[in-house]
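Q: Handing you a structure now.
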Amino acid sequence: MDSLSISYAICVVSLLTICISAKEFNVLSYGASGNGITDDSLAFMKAWKDTCSEAASSATLVIPKGKQFLVHPLIFTGPCKSGAINVMLSGTILAPNGPDQWNASDLSTWLAFEGVTGLSISGFGTIDGRGKGWWDRSCRYHPGQGCFTLAPTALRFQNCNNLKMLNTNFHNSPQTHVLLLGCQNVELGFLNIQSPGTSPNTDGIHIQFGRNVSIHNSQIADGDDCISIGDKTYDVKINDIKCGPGHGVSIGSLGRDGEVVQVNNINVKRVSFHGTTNGVRIKTWQTGRGLVQNVTFTNINFTAVENPIIIDQYYCDKPDSCKPTDTGVHINDVRYSKLIGTSQTEVTINLNCSNNVPCSGITLDNVRLVSATHQFNQLVSSCNHVSGLNRGIIEPKSCLKI
């Protein structure tokens with residue numbers, strides 16, 4: 001056999017190997033209608049079962065473009081046989097339209113992946129939680145008989161390692177849009193999360209018990225924190241995010257029920273806040289214990305933000321239940337570098353730390369904030385039980401003491 005024939009044979013074998021090692025499972029092939037009215041839940045579960053059971057090196061669940069799939073609460077469980085599980089989300093997944101159409105006893109979750117390693121989601125599709133029916137019956141804003149304190153999270157990842165989600169749209173989750181729970185080695189990028197600023201508890205992304213998480217190049221508008229970081233979370237990088245409306249980027253709240261808190265190595269940079277309630281915030285309960293340390297906020301821009309820089313160690317969302325204690329979470333080594341913009345409030349730097357466990361190692365490095373409305377003669381900073389360093393120009397004048 002000549003060299004050309006050998007090369008051709010190798011090419012054919014290679015193509016066959018690729019075809020054999022990468023298989024697709026389209027939900028339409030399993031009976032999904034994609035008309036936005038018919039319940040497609042069973043078709044999704046059948047397609048997932050075959051995708052997860054496929055032994056090829058790569059398996060892909062396909063949710064095609066141009067279709068709307070009505071799906072009731074589903075949990076996609078692992079482990080899967082393939083080392084690479086892909087979800088090509090190009091169409092739209094619709095939630096049941098409000099609590100009256102919810103047919104599951106669990107109100108906490110709509111879509112979830114559990115125990116799946118090597119999961120990748122992409123495709124420019126949309127996850128639409130149709131949350132208005134839940135918001136209209138939220139106990140926070142509409143207390144009374146028939147209200148709900150709990151509403152579904154649109155997409156939960158639990159114990160999913162080596163996870164990647166890119167180019168995905170989220171609209172109107174009933175509550176949190178994306179929840180990472182016990183996940184390691186995660187990349188979330190080029191996401192578009194959109195809910196009204198008045199929608200209750202609709203955090204964009206919440207991380208809990210996570211390690212090595214990267215969130216980048218995304219736009220988030222919601223009614224709560226754009227990104228929130230919970231307990232037992234380490235090595236998080238957040239960069240190139242547009243946040244607003246919303247409650248900013250928050251570490252916490254932490255220690256509500258007296259837990260021992262551990263949060264370490266959080267890096268937030270190149271984030272712009274537009275009309276948010278808060279900017280960069282750390283919030284802990286008096287009852288908590290433990291440590292938050294090695295946190296950096298750098299190259300942050302604020303536009304008409306109410307509380308640009310805030311540490312609150314007296315956080316309490318239910319005043320009647322908050323009692324003074326002799327405990328507290330130690331906040332140490334927090335750096336604010338190159339923060340600029342405009343504030344809607346007079347107190348632009350508010351570092352309210354615990355008298356039991358004062359904040360230490362706080363650095364303000366070139367912070368320049370001015371009034372967004374010019375209604376205040378002079379903006380101020382406020383410090384309680386905090387020590388640290390000032391570097392460069394600090395406006396308004398720093399209250400930090402060495």
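Any read-out appearing in this document is the output of simple, stated calculations on the displayed coordinates, not a laboratory observation. Predicted model, so just to flag it, every value in this text is computed and none were measured. Reconstructed Cβ throughout: ideal geometry from the backbone, glycine too, with neighbour counts over all protein chains shown.
Q: Report the net charge of residues surrounding Ile282, where surrounding means a beta-carbon distance below 14 angstrom and charges are Lys +1, Arg +1, Asp -1, Glu -1.
A: Once positives and negatives cancel, what remains is -1.
Q: Between region 118-181 and region 204-279, what is the separation of their alpha carbon centroids in Å?
A: Rounded to whole Å, the Cα centres lie 16 Å apart.
Q: Let me ask something else. Taking neighbour counts of Cβ atoms within 10 Å as a proxy for exposure, in what order, fewest first, do His177, His330, His274, His247 appear?
A: His274, His330, His247, His177
Q: If you fit an axis through the alpha-carbon atoms of helix 41-53 and take the longest principal axis of the Cα set of the chain, what angle between them do you get, 0 to 90°, nearest 10?
A: Approximately 80 degrees, to the nearest 10.
Q: What residues have an amide H closer than 5 Å to that of Thr60, excluding those fewer than 5 places away on the same chain, when H is modeled at 1.01 Å from N in the peptide plane?
A: Close amide H contacts, sequence-distant or interchain: Lys23, Glu24, Phe25, Asn86.
Q: Equivalent-ellipsoid semi-axes (√(5λ), Cα gyration tensor) for region 233-402, whole Å, largest first?
A: 24, 17, 16
Q: Further, regarding this structure: In terms of the Cα gyration tensor, with a ≥ b ≥ c the square roots of its eigenvalues, is the chain rounded because a/c is under 1.5, prolate because a/b exceeds b/c, or oblate?
A: Note, shape of the chain comes out prolate.
Q: Once the other residues with Cβ under 15 Å from the Cβ of Phe302 are scored (Lys, Arg +1; Asp, Glu -1), what is the net sum?
A: Around Phe302, the surrounding residues sum to +3.
Q: Could you work out the local net charge near Ser360, counting Lys and Arg as +1, Asp and Glu as -1, over the other residues with Cβ closer than 13 Å to its Cβ?
A: +1
Q: With respect to the cross-link table entries Lys132/Lys164; Lys81/Lys232; Lys132/Lys242; Lys269/Lys338; Lys338/Lys397, which display a Cα-Cα separation exceeding 20 Å?
A: Listed pairs above 20 Å: Lys132/Lys164; Lys81/Lys232; Lys132/Lys242.
Q: So what's the angle, to the nearest 10 degrees on a 0 to 90 scale, between helix 3-21 and the longest Cα principal axis of the chain?
A: With rounding to tens, the tilt is 60 degrees.
Q: Whose amide H sits under 5 Å from the amide H of Gln262, counting only residues 5 or more places off or on another chain, with H placed in the peptide plane?
A: Lys232, Thr233, Leu291
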